[in-house]
Every structure is written in structure tokens, then in C-alpha cells.
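Okay, so here's the structure we're looking at.
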2 protein chains.
Amino acid sequence: MNNQDEQLESAAGAGPIVTPTSGAGTSVASTFGAVTSVAPTTSAHVRLRPIDARGVAIDGGLLAERRRTNHEVTLLRGLEEMERAGTVQNLRIAAGRAQGERTGMVFSDSDVYKWLEAVAWELEHQPSAQLQQLAGELTELVSAAQQEDGYLNSYCQAGKPEWRWSDLEMGHELYCAGHLIQAAVAAARASGDTQLLDVAVRFADLIDREFQDGPRITDGHPEVELALVELARQTGEQRYLRLADTLVSRRGHATFVNATFDLDYYQDAVPVREQPSLVGHAVRALYLAAGVTDIYTETGESALLESMQRQWHDATETKTYLTGGIGSRHYGEAIGDPYELPPDRAYCETCAAIASFMWNWRLLLVTGETRFADHMERALYNAFLAGYSLDGTSFFYSNPLQSRNGHTRHHWNPVACCPPNIMRLLASMHHYLCTVSDAGLQLQLYAASTVTAEVPGAGPVELAIETDYPWAGTIAVTVRSSPEAPWTLSLRIPSWARQATVDGQPVAAGDYARITRQWQAGQRVLLELDISPRLTSANPHVDAIRGCLAIERGPIVYCFEAADLPDGVELADIALEPGAEPTDDGLIGDLGGVPGVEIGGIATSFNGVAQTLYADAHAQRPGRTSSPLQLRAIPYFTWANRGAGAMRVWTPVREPA
Amino acid sequence: MNNQDEQLESAAGAGPIVTPTSGAGTSVASTFGAVTSVAPTTSAHVRLRPIDARGVAIDGGLLAERRRTNHEVTLLRGLEEMERAGTVQNLRIAAGRAQGERTGMVFSDSDVYKWLEAVAWELEHQPSAQLQQLAGELTELVSAAQQEDGYLNSYCQAGKPEWRWSDLEMGHELYCAGHLIQAAVAAARASGDTQLLDVAVRFADLIDREFQDGPRITDGHPEVELALVELARQTGEQRYLRLADTLVSRRGHATFVNATFDLDYYQDAVPVREQPSLVGHAVRALYLAAGVTDIYTETGESALLESMQRQWHDATETKTYLTGGIGSRHYGEAIGDPYELPPDRAYCETCAAIASFMWNWRLLLVTGETRFADHMERALYNAFLAGYSLDGTSFFYSNPLQSRNGHTRHHWNPVACCPPNIMRLLASMHHYLCTVSDAGLQLQLYAASTVTAEVPGAGPVELAIETDYPWAGTIAVTVRSSPEAPWTLSLRIPSWARQATVDGQPVAAGDYARITRQWQAGQRVLLELDISPRLTSANPHVDAIRGCLAIERGPIVYCFEAADLPDGVELADIALEPGAEPTDDGLIGDLGGVPGVEIGGIATSFNGVAQTLYADAHAQRPGRTSSPLQLRAIPYFTWANRGAGAMRVWTPVREPA
């Protein structure tokens, strides 16, 4: 740390590395042509840019393992499940290649598109002749199913022509179109195959005629907006960006006033630019927010960014679960009131965790601030991964933080939006590890990996990142090659880190540690994050978990599961010993060797004495005795992999007897 | 207390006054011919019997006031609202007297029937030429709308003949028929008018042909079962009782396996006789339970009573709100898991409180045990009355125990099941004050009233009950006339009473105080119940209200409402001072003079310092200060009568700073 060219900024008290403005974009090079999910144009209003994912290889650790399972197990099973469910057959019927009645949900075509997007991203970094052939056949089928005028939706085409555009509230037509567009952009970027892009463009042009100039208003389920922006970026066609903006601007005017749910459900009560808070159906709200952020990115309209910032503060300060999950209500699959965060009835749809990850990625690009990456990480390792079984064969739709009776993973549901969404995020995970800026490269998510990136204003850089993160807090970054010009390596210091050092020097959490140097090949930077287990409390306004604490270890939220309790002890009767602190507890064999955590607890028994539900506050509960026991906590995302049993993240601290 | 013929049993430690058996019925006289909602036959398996409601007059106090509002305001407005909503017009269309499209919910006919039932019971004790004329016209319309074969349902008859019996899952055909039957029985009993009974019998005969002997299975929404038992009692026709039993016995065999909701929703996962717990849609579950109890009453089949007792224990020990409300989930309007009792997302439909009242009345008749009357009282004064605005013009459908943003009463909803249900329970409230048994009369619900009843084995008795219950705990019972034979006056001592005396002698809560005498006209018994405000705690398994206490006063649950807080103090920042005790606080003028309660509290402020949602458990919340204040609590049922504002029943006790 004595090189005259280098500078390690200890970020104590530092603000964001840049202040977002709504003016001109930055001068860094466009990512057009790059293989990545979100590719802002050259003039985009972003502080950071994605790098070309072809330069990133995740080669070890938890994320690599989850991606391997996705590749080896889940993608193939997913297509089998879609065949079994009739989802693919629906497209054959639409294409006139099969007879029979369409089956399944109105939006099931989108499952196919998400699967195609997943495979497109997957094949770029992990070839598979089988997957390639299956994706090719499916792409050809989708293309064949498209109607002359560009329309494509099996629900309509399989015998309901009059349905077209007739149920914008719940019909998911544009939602499906959006996923088609995303898959098409993925295929074009990842492999150069534009067969699906041609389909997407024809459909988008029809939508443009019907909605921009025609009589249609907007879709009840946002998703097409972010896809249209990406299509504009991919094709250079500004009409798609304008259409996205139009669809967004038409929300908030009570189009869906006589619909099944209230206006908030559809984000249709308040215009987006005035909306103070994140409301309604969680997945709809979050896909919309991602799309609105994309539109801001390309148009620079400050009212959009201000709305996004307001909604983000509202969401993260009052409506987000510790797991990063969003959605407190089963009814309407909805975000609740501020501080309405019941652990047992948490909905936290896996798709909402994915949509939150997507939104935070876009805000990270716009602002450069680490807090957005913190939220990506929280959602990724907890609410998202919990939705995916360790063996890769089953899924959760909702991800509660407490279950009294267990919760059984499903192999495939009639509503199958989550499984292929999991597949596409895992397949594209390497898009999200790093960003670049003028003479800078930022490591956002840590994984054992190699990174080759073009640092704007400096040149090509190659890094090797060695770590067992998130299980270990040591991250060694070795520069394998560097241009001569100095550039800044920025390391995100997660806000949860109680202590962090870079090469032994303390750095502050919640910002980047930045090292500016003329880098030499072989130079190495050692980041140490304190991931020792810790207790977390909630804002006292979160009524549903009053008197409870949670255990976290690094970015991983822990929970107690019935499988780890002694015989005869019920999870409902467990409390934490006041003052007890969690410590590491070795690796858990029956969960694939993930680290366990232990903490001193108390088991209460009523010794068979029946308890009334309510009693005089001064009365002792009859029969009550307590005994100490050591409790083992497991990573929340690994729960329900040893059968169904009670689980809780937030656990009461023993009340005074 | 020195009369040699008298005996006051202090009930300390005593069990139920009788042990329910599944054998022969009691020997008390039949209530056939009596004016009352539930009239078990002579051979019925009941320990107690309703009395003829013509002998009861509620002449003062809270219940009389609520009934006066019902009579003067709500019944007439209700019919106007049903006209405005098209509910009556639907029957005109069905009768061929009007053209146009039917509007409203599939089950809206039942609103008309509940209104007719309400008016039938109301006119018996409070004549009104206007109501009588309107009910007569409506009865004539219903009669005219009935089809040749007995079928009657406006949804089917107004242009959807193919719909008949096609949607038993959600079509509510038998549900509507049940309410028609109940209205018809009410009219026949209350006034002798059998016009509606003729309609009901024709429809019931059709249902018998279609379901008992025909191809139909059962209805997704129980309600007709209890109505059929009452029709059997009214007409002496045993086929209706058999049909009710058949419909009950067909549940639990997955008839609705591919329906909208899970099998529990329809009480269709487990046969009634094996069902261990109260599950699914709350109103469906509770109407079914009332019907099953009715069937037991007439058949004496022990498996039915055992199931009812199991389900009652499950419900009251794990699934009932402090207010007596049942239904923890908005999704599926459902009962939740045991101990899943979130105050904010409590559904507690007003109809569920009514159905619970109905079920407990039936169990009270069967067993004679006071705990069932305790639950009737709890539901009546809290979950039920909360659904009805003080001015009688607006209603709640759901009755949460906490609201962060307020909850606005509605004048009439598209789903209007609750308002006319409120009307019929208020109109028939005098049916539920007393019961009789061999040589005994039991006072179950206390109200200023006069009671004339035939005590079996003794003779006619007249009592005057003077009290300001539930606001005061003094109940003076004066015998105005009595036969010469001795009989037992039993006074229910509510389980909540910390102290109770009869004529100065302590008596135990949770049982009857019984006085057996040769009564003389003019003799008076003075019951004193300690209704001073008290703090109540919940079983620690109720996670959602951990660390909180509630205030009760007599049978009334209290709450805090934002309207009573000083400016600038938010309800979310209020806690109870540890050790503080509630005391009376005078009458609340802006709530019609109901008694207030005060208690020492703490207001926390964060002084404008932004708070994170989650934090290290060892960190102090920044900016936090607390200051003491006196808090005023109001009766829960009176909330949301001064505009919409935050409210909570369960309030945290201040945590250590």
C-alpha cells in the first residue's frame, strides 16, 4: 500500500460515489453489442455500466453450484414439465400443428419464453448440444405460431379469436409479449441468433400500432415496458422506447376501475410520476419499477427517477422482508401497508425477489450507489434462493419467514411463473458481478470467478477473484493483466459488515473501498469482511415480529427448522436466551455442508396442561416450565429440503417468566 | 338468603351443569309453536330450550338502543340499498315483471331473504305498518318469481337457465335457498303468515328430489343444512332433516377437488364426523357447524356432537380473536393455522361473528354449559357490533383488531351479505337472552328486559331484569310472578368476571349461580359482576401480538384510536407503561356516551431521524426519546365512527429502552 499511484479511500462517512442527476449521460462507452441483460445505450443516464458477460466466468462456490444444478437438472426438467403441463402443446395448437383444447393459465406462454431466455444466457457460458437443439425447436415453434399480423398468444389463437385485447386487466397479453421480447433479445445477444428477435419485432410493431396509435390503453400486468426498452436498445428503434413510455404514462388513471382488484393492484391509482410509494401486486409493481427505471435511463426524465427513489425508500424502509422478499399479502399477491410484514403470511413470491433484483440492478447502474447492490445480494441469497430446492427439482412460489406446519415445495404449479424465472436469473447471474465506469471497475457481487473487462478510458483488465463467499468473508482479487493507465478498483463493502479491511486497512461498510493504481499483473488485493453470525432486530413498527431477533451471517439470513430440534420439542416453544450470541457451528451434512450457527435457547413446556387462548394478564400460565438448550440455525434458503416442518426466521427472546 | 327452600350453589370448581350425552333427549316440553329462531322438537337432544320470544322485551340499554337504530334507520335503508343495487329488481326480472339484465353477485337473492327474516322477527316485537307493507310486497314478489317446479334463483332465471345446479362450488344456490327457508320459517313463526313457507317448501321439495334422490352432490357454501332442520321442525316433515344429514355427509369426499380454492375452503377435505378442526372459509365452516349441531340435536348421533366439540375446542383455543371474531386470512376469507391470529390482517367477517353466535347458541342448548354463552356474548359485543356503525347507516365486512391507516365503513357493498345479517340478528336478539330446562330458567345474556316464560315442570314465570349491562355489572332480577312449585333461577357468571356475587355471596365465574326456591312475587336477586377494566394477555403461541396486552371491561374489548391521541402523536408510537393498570375514564361524548378507559402510556419519538427497517440488535435506534402520556381507550365496537384513523386492540408494553 505504498505505491505512489495508489489510493485507498476509506469510505467512512462518504456519500454515494456519484450523485445521480437527470442531465446528460456519462461519457463511458456504450455497451451496445455486449452480451448482457440490460445494455444501456451510449447516451444513457447511467453512472455505471454492465460489462460484457463473455468476460465473466463464475467458477466456484455457492453460485457456481446453483448454476450447475440449473444446467444439469432444472433446465431439462423444466421443459419436460412444460410438456407435461401442456404449455408447449398450447403453442403447437396455436401454430396449427396440433389439435385439442388449450390447457393451463392464460399467461403460460411466458413460461416458454422465460425458459428460452434462460437457455440463451446459459448456452453462452455453458454449451449443451441438447439444450441448444431443444431451444432451436422451440424457437421455430414460437415463430410458426405467430400470426400474419404479428400477434402471438396461444390463449387467443387456440379458439378464442374474439379474446384478443379484450381482457387487458388480467389477460397478460403484453406481459407474455414482454417475456418473448426478453428471450429474443437474449438469443440475439448471446448467440447472434435473431430468429426470435424477428418474431419479437413483428409483435412489438403490432403492439405499437394497437397501443401507441390505436385504441388500447395499457396492460394490467407490467413487464413489457422493460422489454420494450431493451428491444429499443437492441434494434436502435426509438418507437419501442416511446411505446414503453406511453404505456407507463397511461397508468394511474383508473383504467382498471371496475376490475377484479383495486386500482393499486394494477399500479393504476396514481400516475407513476406522482406515485409516492410501492403498492399493489408485488411482481407487477416491481417489473413496472424496473421498466420505469429503464425509461429514465434512456430519456433522463427526472420525474421518473424521483418517483423511483421515493418508491425505493418506501419499499426498503417499510415494506421489505429481512430476506429481501417483497409482498406481505396472499390476497392480491400484494405489498401491504408500511410495516405490515407478517412472517407467517409473507407472500414474497420468488418472482418478486427476481423483479426486485432486476430493479435494484438498474438503480445501481443509474446511481452507482452500493445500497442497491446490497439489496440485490439480500434478495439473491435469501428470498430468491429459498424458492429453489437444493436438488434443483422443486420450487416455492411464496417464501414465508415462518411456517407453523411446514411448506411443501412443488415440482411444477399450474401457475408456473417462478421456476423458469429462477432458471433465467441463474443462467444470467454472471451479468451482475461487476460494473465499469470511467477508469473504474466495481466488484458488486462476490463469487469465485475470473473477470475480463474493458475499463473505459483505461483498457482491458483481467482479474481473478478467489473466495468462498458468501460462506467466507475473505475475497482475494488478483490482477492478471492491466493496461498501463491507472484505474480504480472499487470493492463494494456491504452495509451489513460490522468490520471490513482491505489489505489490513479498515474500510467503512455501505460504500465502496476504492483503490486507484497503475496496476501490475500479479498484484493482489485482499478484502476481509466480518461474516461472523450476528443478531438483527427490526424497527419496532414491524408489529408482527415484536420481541423477536433474527440471525444473519454475512449476507445469509438464518432460520430455525423443526428438523434440528430434539424429539418432543416444538419450534413454537423455542425462545432465544436473553444475551445469547450466535456462533459458528460447523457444516451441516444433510444440507450439502452449508455452515450452521448455534445459539443458546430456551424450550418452554406446558407439561400437558391445557392453555387458554387469552387470560388475565396477571395470571401465570399454568404448567409452564423452561429448560435451556442449544439451538442450531440453518441458512434460510436451505429450509424445506429435509421434508416439510415448522420454520422461523424471527425468534422470540425469552420473556421474563 | 335464609329461606329454607332456597339454595345458592356457589359454582366454585363445579363442572358443567349437565354432561352432554348422545342418548335420549330431555323430558322438557317441546318448543314447537314457539316464536324463536331455533326450536328443537320435543324429542330433541338438548339440555336447555329457547323460550317463546313473545315473552321477552328488551327495554333498555345498549342492545335496546342498537335494536331501535335497526328499526328506525337500518331496515328501511337496507331495502333502499337493495333497490339501488338491483337486488330486488333481479327478482322482478326473474318473475317476468321487469326487463333488463340482472346485476350484482350470484348470491344477492339471499340479501332479500335475510332482510325478510329480519323484518319478520322485528314486526313481532315492534310493529311498523311501513315495514309490514314492504315485507308483504317483497314476499309476494318472491312467491311470483318461483318457477313451476319450485326452483327459485334470479341468477339462473334471468337468462341463464343452463346454469341451474351447474356451479355448486361457487353458485350459492342452496345457500340462497337456506336463507329463503329461514325467512319463511321466521314469518310463519312470528306472524303465522305462511306465504313464504309455501315457497320454501316447494323449493325444498325440489332440492330433495335433486340432491337426496337425484344426481346432485352438495353445495359449496353450507347454510341450507341448518335451514332444512328448522324447516323439518316447523313442518314436521322428516325428509328435510334427512336431506340436511345427507348434504352434511357428502362433504369431505373431495367433491370440489378441482375448484377455485382448496378442499378445506369448502369443508370438503375430511368427512364432518372425522374432522378434527375448524378449517377453511370461516362463514362456510361456521354455518356448517351450526347445521351439524342442529342435526345432532334431532338425531342424537354422537359422532356429530363429538366432531362439534373437537372443532369448538380447536376454534376457541387456537383460532378465535379476542373480539370473538373468526377468520384470519383475507385470501379465501379463511380460518388460518392454529395461533395464526394477526390483528391487522384479521378478516373476522361480520357474518362469521353472527355464524359463531348461532353455533354457540346451538351448543348451549345441547350442553347447557355457560362457556358457549360466554362466546356468544364475546362475539356479540365485539366482532359483531363493530360491523355496524353507531348511526346504523354503514357497515364493516371485515373487522380487524389493528388498522394502521384506518378502515372506512361502507354503506352497501357489492357483496352485501353482512348488513342484512346484522339486521336479522338484532331483530331476533330477544330470542337469546334466556333458556329453560326442567324446573329451571337460565339467564344467559343480560339486558334490561322483562321475561315471561313457561318453566317446564313448574309453570309460568315473569321476571324483570334491571341493569345497565354491559356498561355496569349490577343486574337486579325481580320475580314478578311465579308458580307455587319451586324452580331454579340460574344466572350465567361470565368466565371473564374476576369477582361476582349474588346477594353478596361470592359465586364462581364460568358457571351458573343457581338459586332454587319457592319464589314469591316481588323477590329480588342481585347479581354483581366486577366489570372494572382489566388487562388481558394472549397465549405466547399467538406470535403476531407478542409483547402486547389488551384492555377489556366486562364483556367489552377496548381499543385505542388515533382520534383520542394528542396532535403529533402516532398510534404506532404508543406503548403501555409497564405495570400500568386501566381505570374508568368517564363517558365519551363523541361516541354516544359509552364509558372510556384510561391507562398510563408512553409515546416514543424518533425526532425526525430516519430509521432503518433492520439493524444490528445491539445498536440503539438513533434519535429515540420517550415521554409519558395518559391514553384513552374506547370500546372496540365503536371505532371508525369518528372518521377513519389508526386503531389497535393489542398494544405493546414498553420494551426496555
- Task: May I ask you to list the residues in the stretch B:226-238 that are in a helix (DSSP H, G or I) and over 24 Å from B:Ala145 (Cβ atoms)?
- Result: B:Val229, B:Ala232, B:Arg233, B:Gln238
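Quick check on this structure: which one of B:Ser398, B:Ser437, B:Ser403 is within 14 Å of chain A (Cβ to nearest Cβ), among the polar types (S, T, N, Q) and touching a strand residue (DSSP E or B) at 6+ places or on another chain (Cβ under 8 Å)?
One residue alone meets the criteria, B:Ser403.
Matching residues to (1) under 15 Å from B:Tyr432 (Cβ atoms); (2) in the same structural domain as B:Ala646 (by TED's automatic domain parsing); (3) more than 9 Å from the chain's Cα centre (by Cα):
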residue: B:Glu317; (1), (2), (3): no, no, yes
residue: B:Thr320; (1), (2), (3): no, no, yes
residue: B:Ile335; (1), (2), (3): no, no, yes
residue: B:Pro338; (1), (2), (3): no, no, yes
residue: B:Pro342; (1), (2), (3): no, no, yes
residue: B:Ala346; (1), (2), (3): no, no, yes
residue: B:Ala352; (1), (2), (3): no, no, no
residue: B:Met358; (1), (2), (3): yes, no, no
- Query: Can you name the residue in the stretch B:293-309 that is assigned to a helix (DSSP H, G or I) and touching a Ser or Thr at 6+ places or on another chain (Cβ under 7 Å) and is also nearest to B:Leu263 (Cα to Cα) among such residues?
  - Reply: B:Met308
- Query: Cβ-Cβ below 6 Å, separation at least six or inter-chain, first residue in the stretch A:267-279 and in a loop (DSSP other than H, G, I, E, B), second surrounded by fewer than 18 Cβ atoms within 10 Å (Cβ to Cβ): which pairs?
  - Reply: A:Arg273/A:Ala303; A:Pro276/A:Arg310
- Which residue pairs have Cβ atoms closer than 6 Å, lie 6 or more positions apart in sequence or on different chains, and pair a first residue in the stretch B:420-435 that is under 16 Å from B:Glu72 (Cβ atoms) with a second residue that is polar (S, T, N, Q)? B:Met423/B:Asn70; B:Met423/B:Thr74; B:Leu426/B:Asn70
- Condition test on A:Arg424, is it of a type in the set (Lys, Arg) and surrounded by fewer than 23 Cβ atoms within 10 Å (Cβ to Cβ)? no
- Among the listed residues B:Leu433, B:Leu441, which satisfies the condition of being out of contact with any Phe, Trp or Tyr (no Cβ under 7 Å at 6 or more places or on another chain), within 23 Å of B:His375 (Cβ to Cβ) and crowded, with 20+ Cβ neighbours inside 10 Å? B:Leu433
- Item | Answer from A:Tyr287, A:Tyr296, A:Tyr266 - the residue that is modelled with pLDDT of 95 or more and more than 21 Å from A:Leu364 (Cα to Cα) | A:Tyr266
- Query: Which of the residues belonging to the stretch A:121-175 are hydroxyl-bearing (Ser, Thr, Tyr) and outside any loop (DSSP other than H, G, I, E, B)?
  - Reply: A:Thr139, A:Ser143, A:Ser154, A:Tyr155, A:Tyr175
- Taking the stretch A:325-355, which residues are part of a helix (DSSP H, G or I), more than 14 Å from chain B (Cβ to nearest Cβ) and closer than 24 Å to A:Arg648 by Cα? A:Thr350, A:Cys351, A:Ala352, A:Ala353, A:Ile354
- Evaluation of A:Glu581 against (1) within 13 Å of chain B (Cβ to nearest Cβ); (2) part of a strand (DSSP E or B); (3) of a type in the set (Asp, Glu) (one fails), failing number: (2)
- Message: For the structure I just gave you, tell me whether A:Gly568 is part of a loop (DSSP other than H, G, I, E, B), of a type outside the set (Ser, Thr, Tyr) and either modelled with pLDDT of 95 or more or not assigned by TED's automatic domain parsing to the domain that holds A:Arg345 (or both).
- Response: yes
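Residue-wise test of (1) more than 7 Å from chain A (Cβ to nearest Cβ); (2) closer than 18 Å to B:Val455 by Cβ.
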residue: B:Arg514; (1), (2): yes, yes
residue: B:Arg517; (1), (2): yes, yes
residue: B:Leu527; (1), (2): yes, no
residue: B:Leu535; (1), (2): no, no
residue: B:Ala544; (1), (2): no, no
residue: B:Ala550; (1), (2): yes, no
residue: B:Pro555; (1), (2): yes, no
- Item | Exclusive hit being over 30 Å from B:Trp312 (Cα atoms) and within 12 Å of another protein chain (Cβ to nearest Cβ), set A:Ile634, A:Ile602 | A:Ile602
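Could you tell me which of the residues B:Arg84, B:Arg77, B:Arg54 is touching a strand residue (DSSP E or B) at 6+ places or on another chain (Cβ under 9 Å) and either among the basic types (Lys, Arg) or without any contact (Cβ under 8 Å) to a residue 40 or more places away in the chain (or both)?
Numbers: B:Arg84 fails: touching a strand residue (DSSP E or B) at 6+ places or on another chain (Cβ under 9 Å); B:Arg77 fails: touching a strand residue (DSSP E or B) at 6+ places or on another chain (Cβ under 9 Å).
Among B:Arg84, B:Arg77, B:Arg54, only B:Arg54 is touching a strand residue (DSSP E or B) at 6+ places or on another chain (Cβ under 9 Å) and either among the basic types (Lys, Arg) or without any contact (Cβ under 8 Å) to a residue 40 or more places away in the chain (or both).
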- Query: Name the residues in the stretch B:105-155 that are buried (at least 19 other Cβ atoms within 10 Å of the Cβ) and of a type in the set (Ser, Thr, Tyr), would you?
  - Reply: B:Ser108, B:Ser110, B:Tyr113, B:Thr139, B:Tyr151, B:Ser154, B:Tyr155
- Task: From (1) closer than 20 Å to B:Leu241 by Cα; (2) of a type in the set (Val, Ile, Thr); (3) modelled with pLDDT of 95 or more, pick out the condition that doesn't hold for B:Thr87.
- Result: (1)
- Task: For B:Phe261, work out the one condition from (1) at pLDDT 95 or above; (2) buried (at least 18 other Cβ atoms within 10 Å of the Cβ) it doesn't fulfil.
- Result: (1)
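The values are calculated or read from the model by the stated rules, or taken from the named source; none is laboratory data. Quantities reported herein were computed from a predicted structural model and do not represent experimental measurements. Counting neighbours? That spans all protein chains shown, and the Cβs are built from the backbone with ideal geometry, glycine included.
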